[in-house]
Amino acid sequence: MTELRVLVVSLDRLSRAGLASVLDQQPGLTVVGQVSGDEDSFLSADVYDPDVIVWDVSWETASASHNLGLLSENSPAVLALAATVDQAGQARKAGAQTVLGRNSSPETLAAALAALSHGLQVTDPALSGDLGLSPSGPGSVSPLTPRENDVLRLLAEGLPNKGVASRLEVSEHTVKFHVNSIMGKLNAQNRTEAVTLATRLGLLPL
């Protein structure tokens with residue numbers, strides 16, 4: 001199995017070292033470099049040729065978010081680690097595709113990075129309160145992917161993750177990340193609220 005190449009970014013040296021050590025121990029991941037995330041260091045990050053970037057934005061959030069926003073459209077996808085809803089919102093607005101809490105388990109980080117490498121965007125529901133998503137109208141919600149729509153319809157049927165996984169012939173891990181992504185896009189705190197909001201927005205038939 002080809003390992004996912006990960007670049008770790010944080011303005012705090014100890015945070016970088018700790019993240020790199022944790023991620024390097026996860027199956028399927030290899031840390032190819034550590035940079036501070038200031039303008040000079042991340043401009044040279046191309047030499048590491050990462051598949052994904054893990055960026056801890058909880059240190060000097062304004063500066064980190066500014067530099068995150070300077071990444072080019074062709075840069076690898078970014079998983080941002082945040083400690084607060086405000087930090088998560090800034091990271092999302094700056095371009096992070098996935099946002100998780102800094103206290104996420106190594107296994108959760110590894111699974112999220114694997115999902116991110118396949119184009120799946122994930123947001124920790126606990127950090128989704130300030131991401132600019134509002135259920136006031138269809139235009140205010142990020143579009144769901146076809147697979148997310150499949151998962152949403154099955155959630156509306158009342159199926160648990162295991163049932164959704166069985167119907168779609170995917171793993172429960174994959175379903176979990178689809179559900180988290182749906183809740184993040186709809187700014188929902190739980191599955192029931194996600195279905196309710198989706199119905200209100202016309203994403204599900206009445």
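Quick note: the coordinates plus some simple rules give every number you see, no bench work behind them. Remember, predicted model here, so these are calculated numbers, not experimental data. Here the Cβ is made from the backbone with ideal geometry for all residues, glycine too, and neighbour counts use every protein chain on show.
When the helix-only estimate is applied to the chain (DSSP H runs of n ≥ 4, each -39,500 (n - 2.57), divided by the residue count), what is the mean residue ellipticity at 222 nm, nearest 500 deg cm²/dmol? Before the final figure, lay out each step's value.
Numbers: 9 runs with 91 residues, N = 206.
Calculated from helices alone, the mean residue ellipticity at 222 nm is -13000 deg cm²/dmol.
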Just going by the charge dipole of the chain, with Lys and Arg at +1 and Asp and Glu at -1 on Cβ, which of T192, L68, P27 is farthest out on the positive end? T192
Which of H178, H118, H66 moves most in a GNM of the chain, Cα contacts under 10 Å? H118
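Counting other beta carbons within 10 Å of each Cβ, put K176, K93, K185 in order, fewest first. Working shown, then result.
Numbers: K176 18, K93 14, K185 23.
Going from least to most buried by this count: K93, K176, K185.
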Cα coordinate range in the chain, projected on the principal axes (Å, largest first): 53, 37, 28
Against the empirical 2.2 N^0.38 Å scaling, what ratio does the C-alpha Rg of segment 138-200 come to? 1.01
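What's the magnitude of the charge dipole for segment 4-125 around its Cα centre, counting Lys and Arg as +1 and Asp and Glu as -1 at the beta-carbon? Answer in Debye, nearest 20.
Using Cβ point charges on Lys, Arg, Asp and Glu, segment 4-125 gives about 240 debye.
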Cβ-based charge dipole, the chain, positive-most Cα from H173, L113, V85: H173
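Could you work out the relative contact order of the chain, using alpha carbon pairs under 8 angstrom and six or more residues apart, expressed as a whole percent? It would help to have the intermediate numbers written out before the result.
On the way: 348 pairs, mean separation 31.7, N = 206.
For the chain, the relative contact order is 15 percent.
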